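Notes to accompany the following structure.
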Amino acid sequence: MKLTFAHMGHLYIPIGALFRHLGLEVVLPPPSSKRTLSLGCQNSPEFACLPLKVNVGNYIEAIERGADTIVMAGGIGPCRFGFYGEVEREILQGLGYEFTMFIIDPPQGKIGPLLKQLGSLVGPVKPRDVIYALRLCWEKVTGIDRLNRLAVKVRPREVTRGETTRTMTDILAEVDRAETIDATRAAVNRGLSRLAGIPQRQDGPPPPRVGLVGEIYVVLEPFVNLEVETRLGELGCEVERSIYLSDWIRRHVIGDIFRILRPDPLLSLARPYLGHFVGGHGLDTVAHTVEYARRGFDGVIQVMPFTCMPEIVAESILPRVSKELGIPVMTLVFDEHSSDVGVITRLEAFTDLIMQRRVRLGEIGECAVTSV
Amino acid sequence: MDMQAHGVDLYMTVGIPRALLYYYYYPMWATFFKELGADVVVSRETNKGLLDQGVRLAVDEACMPVKVFFGHVASLLDSADRIFVPRLVSVERRAFICPKFMGLPDMIRAAMPADGRLIDPCIDLSKNEREFHSEIMRTGSIFTRSRVAIHKAYQKSKVVLRRFKDLLVAGNMPESAISLSLAGHDGAYEGYTGEFGEVAAANQDAILSGPDDTISVGILGHPYLIYDSYASMSILSRLRDAGCRVITCDMLPDEVVEKEAQNLPRWLFWTLGRRILGAAFHFLHSRSVDGCLHITAFGCGLDSIVGELIEREAKRSGDIPLMSITLDEHTGEAGVVTRVEAFMDMLRRRKSA
Ligand code: SF4
Ligand code: SF4
């Protein structure tokens, strides 16, 4: 069995490690590229959302490399994601590929069916090995998140443009290669000090802070969001992402297994503007925008795939949040035709705007607000 | 606006937008509000002005049905005291309508000056009915303090809904089913004995038994798209004028639809999606129609998934032609008419061959 799964940002590092340590052979799809995208678009329904199309491209390229088993998450609605697996299976079967697909459903408070599903995928393994594999995976997830959180602080201050990004690529490769928990920790710590050691400018005002919100796949996948995080950083902004994998796993996977029922802090933040979960990350987008406004951020950027239902709800509401809380908000919608040039132009305009706003706020006080 | 304080002789006008699930629930909603002493007004039929207004108010990315809805709500701002914009999460267990329906009242409030004017109960039957009942009580309490009155109004509205659904399955289009179901509003429906159910049953034989000499076309699509003649460029009446029998997915009984939808390996968690897919599978498998027409909204998330599953099934089962037409506010009428006519010609040729 040669197992594969679709790309989503750096997810391949922890998930790859998890499966390898469970004794499975993993065949990763090559990094997403123009070819991936065009394979995906050719073979997916025209109006499917972008993540599905890139998934399909990833699977095809992984199968070309010899993968024969696909692992994919399932879902129970309300958004399309819950049906991705079924449609993807149909598409690949229609293309004549031979493969097995495992669609892993969310546990919804019952761990039994999940373990059974995983058991049939993994086969007999010692509980000790399972625990080690899970710990290693978690170590990588949290390590990568720590590195990222530092990188976004260093990038706007770096003296040599691009150095942070180059260093990160290096560090992540090292984290990926680490085969044990200790080696992972060491790689992460080395990485943190390497990032801290990057020459940074010390003078001048602190960089403006920009929150990045939106649909999880687009937020986490630089190939699809056309490197929005890096570009903003290199335009001099300190970016805070609303979604880090470790937070997400804590809330959704662990929370879902144990049915941790506590009032959702996001819901209470969003409540004046959006009073209900709307699938995907729509509620998170509104809640985090409110949070960033309260924390005095200079702006918020929402990223989403074209036709993304939950984010369209959020997009409809953000102008109100922007106006009432006085924080500039810009929405970027991505599809297979999105171009670097378009995104760069809009990001430059946005950073100009928030820089000007800063100057103005500094001059004429708190009550002057702008919205986009 | 506290009407309660003035007693019952001051009527409150409740506006109901003629859009989205109006086509499935209007008789129920109208009955509920009328029973509580409100005047009910419905926005006029969709026209260019309404749609243009909706396009201006909604974000570009929204699908046309949502833009149409925005237009209808805006048109009621002047004519109604309150506007009914429910948060429609779910109307059955384990299933939803669409993420956009879950945020509707908030989207409306962000787009137009509707604060404090909306009646926006959260309708969520996906888990338990308890909370749903407290939402009904909360909504009713806008009009009266009497819980008994609210309960009665709700019970009546349920009877009317049953009557309306039977009328749909009996082959009526929603607008006529709406007026028939509301006819005799003054208590007549309390005695509703299910007579339309019998008509429906009789009619089912005709619908389920399959084509005769007339060309019959199975129509798949969201009610707010296929029955809104402006939004759908009158495709249904064009078909009928050309002598076709039109069978929409809403004319099939629930059991048929559910049974067919179970052919999927996974529970399809969208109520409307299941109806469309179940109806499509029924048409394809029973060959009870000469062709299927899927009318979809550009950018609709459900349609992109459900449409793909239907198309693959149509290819597999082979002999019922399926055409899909995607509509948005920029779609040109001429192109749609040409495609519909070509489709009908093709069905005619096949039939006479
Ligand atoms: S959240 Fe958006 S991108 Fe994800 S499945 Fe739903 S519509 Fe598609
Ligand atoms: S189901 Fe489709 S057409 Fe209806 S509101 Fe949702 S996205 Fe729009």
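The values are calculated or read from the model by the stated rules, or taken from the named source; none is laboratory data. Note that the structure is a prediction, hence the values are computed from the model and not measured. Note: ideal-geometry Cβ built from the backbone for every residue, glycine included; neighbour counts use all protein chains shown. Calculation scope for accessible area: heavy atoms of the full protein, side chains included, ligands and nucleic acids excluded. Shrake-Rupley method; radii C 1.70, N 1.55, O 1.52, S 1.80 Å.
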Practice problem: Read through the list (1) away from ligand 2 (no atom under 14 Å from the Cβ); (2) farther than 16 Å from A:Pro78 by Cβ, then give the number of the only condition that B:Glu92 fails. | Solution: (2)
Quiz prompt | Set B:Leu309, B:Leu268, B:Leu302: member being out of contact with any Lys or Arg (no Cβ under 9 Å at 6 or more places or on another chain), within 14 Å of chain A (Cβ to nearest Cβ) and within 16 Å of ligand 1 (Cβ to nearest atom) | solution = B:Leu309
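Conditions (1) over 30 Å from A:Gly123 (Cβ atoms); (2) within 13 Å of ligand 1 (Cβ to nearest atom); (3) among the basic types (Lys, Arg), marked per residue:
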site: A:Asn55; (1), (2), (3): no, yes, no
site: A:Ile60; (1), (2), (3): no, no, no
site: A:Ile63; (1), (2), (3): no, no, no
site: A:Ile70; (1), (2), (3): no, no, no
site: A:Phe81; (1), (2), (3): no, yes, no
site: A:Arg89; (1), (2), (3): no, no, yes
site: A:Gln93; (1), (2), (3): no, no, no
Quiz item: Name the residues in the range A:274-293 that are away from chain B (no Cβ under 11 Å) and either out of contact with any helix residue (DSSP H, G or I) (no Cβ under 9 Å at 6 or more places or on another chain) or of a type outside the set (S, T, N, Q) (or both), would you?
Solution: A:Asp284, A:Ala287, A:His288, A:Val290, A:Glu291, A:Tyr292, A:Ala293
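Condition check ((1) open to solvent by 50 Å² or more (accessible area, probe 1.4 Å); (2) in contact (Cβ under 8 Å) with a residue 12 or more places away in the chain; (3) farther than 30 Å from A:Phe19 by Cβ; (4) not assigned by TED's automatic domain parsing to the domain that holds A:Thr142) across all residues:
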| site | (1), (2), (3), (4) |
| --- | --- |
| A:Ile171 | no, yes, no, no |
| A:Asp176 | no, yes, no, no |
| A:Ile181 | no, yes, no, no |
| A:Thr184 | no, yes, no, no |
| A:Arg190 | yes, yes, no, no |
| A:Ile198 | no, yes, yes, no |
Practice problem: Identify the residue in the range B:86-126 that is more than 12 Å from every other protein chain (Cβ to nearest Cβ) and assigned to a loop (DSSP other than H, G, I, E, B) and, among all such residues, is farthest from the chain's Cα centre (by Cα). | Solution: B:Gly116
Self-check item: A:Val300 being in contact with a Ser or Thr (Cβ under 6 Å, 6 or more places away or on another chain) and at pLDDT 95 or above
Solution: yes
Self-check item: Pick from the range A:34-50, criterion more than 16 Å from ligand 1 (Cβ to nearest atom) and either open to solvent by less than 40 Å² (accessible area, probe 1.4 Å) or within 13 Å of chain B (Cβ to nearest Cβ) (or both), ranking: farthest from A:Pro222 (Cα to Cα)
Solution: A:Asn43
Exercise. Might you check whether a residue that is in contact with a Leu (Cβ under 8 Å, 6 or more places away or on another chain), within 21 Å of A:Arg294 (Cα to Cα) and modelled with pLDDT of 80 or more occurs anywhere in the range A:247-257?
Key: no
Quiz item: In this structure, is B:Ser157 of a type in the set (Ser, Thr, Tyr) and open to solvent by 40 Å² or more (accessible area, probe 1.4 Å)?
Solution: no
Self-check item: In the range B:287-341, the residues that are in a strand (DSSP E or B) and within 15 Å of ligand 2 (Cβ to nearest atom)
Solution: B:His294, B:Ile295, B:Thr296, B:Ala297, B:Ser324, B:Ile325, B:Thr326, B:Leu327
Quiz item: Got at least one residue in the range A:66-75 being in contact (Cβ under 8 Å) with a residue 24 or more places away in the chain, away from ligand 2 (no atom under 16 Å from the Cβ), out of contact with any strand residue (DSSP E or B) (no Cβ under 6 Å at 6 or more places or on another chain) and farther than 19 Å from B:Glu308 by Cα?
Solution: no
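Here is a yes/no grid of residues against (1) under 11 Å from B:Glu329 (Cβ atoms); (2) more than 16 Å from ligand 1 (Cβ to nearest atom):
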site: B:Tyr25; (1), (2): no, yes
site: B:Lys34; (1), (2): no, yes
site: B:Asp39; (1), (2): no, yes
site: B:Asn47; (1), (2): no, yes
site: B:Asp52; (1), (2): yes, yes
site: B:Leu57; (1), (2): no, yes
site: B:Cys63; (1), (2): yes, no
Exercise. Working only within the range B:136-152, note down all residues that are surrounded by fewer than 22 Cβ atoms within 10 Å (Cβ to Cβ) and aliphatic (A, V, I, L, M).
Key: B:Ile136, B:Met137, B:Ile142, B:Val148, B:Ala149
Practice problem: List the number of the failed condition for B:Asp52; all other conditions in (1) modelled with pLDDT under 95; (2) surrounded by fewer than 17 Cβ atoms within 10 Å (Cβ to Cβ) hold. | Solution: (1)
Quiz prompt | Restricting the range A:317-348 to residues that are more than 14 Å from chain B (Cβ to nearest Cβ) and of a type in the set (A, V, I, L, M), the residue that is farthest from A:Ile301 (Cα to Cα) | solution = A:Val341
Practice problem: Return the pairs, sorted by first residue and then second, in which the second residue is within 13 Å of ligand 2 (Cβ to nearest atom) and basic (Lys, Arg), the first residue lies in the range B:212-227 and is outside the structural domain of B:Ala279 (by TED's automatic domain parsing) and free of Cβ contacts under 8 Å to residues at least 24 places away in the same chain, the beta carbons are less than 8 Å apart, and the residues are 6+ apart or on different chains. | Solution: none
Self-check item: Test result for A:Asn225, polar (S, T, N, Q) and outside any helix (DSSP H, G or I)
Solution: yes
Practice problem: Scan the range A:285-329 for residues that are within 16 Å of ligand 1 (Cβ to nearest atom), open to solvent by 10 Å² or more (accessible area, probe 1.4 Å) and of a type in the set (D, E, K, R) and jot them down. | Solution: A:Glu315
Quiz item: Out of the range B:249-286, which residues are farther than 24 Å from B:Leu167 by Cα and away from ligand 2 (no atom under 16 Å from the Cβ)?
Solution: B:Gln262, B:Asn263, B:Leu264, B:Pro265, B:Arg266, B:Trp267, B:Leu284, B:His285
Quiz item: How many residues are open to solvent by 20 Å² or more (accessible area, probe 1.4 Å) and on the phi > 0 side of the Ramachandran plot when one looks only at the range A:5-33?
Solution: 1
Quiz prompt | Candidate set: the range A:82-97, residues that are in contact (Cβ under 8 Å) with a residue 40 or more places away in the chain and surrounded by 20 or more Cβ atoms within 10 Å (Cβ to Cβ); chosen: the one farthest from the other protein chains (Cβ to nearest Cβ) | solution = A:Ile91
Quiz prompt | helices (runs of 4 or more DSSP H) fully within the range A:261-347 counting 1 or more residues that are among the acidic types (Asp, Glu) | solution = A:282-294, A:309-325
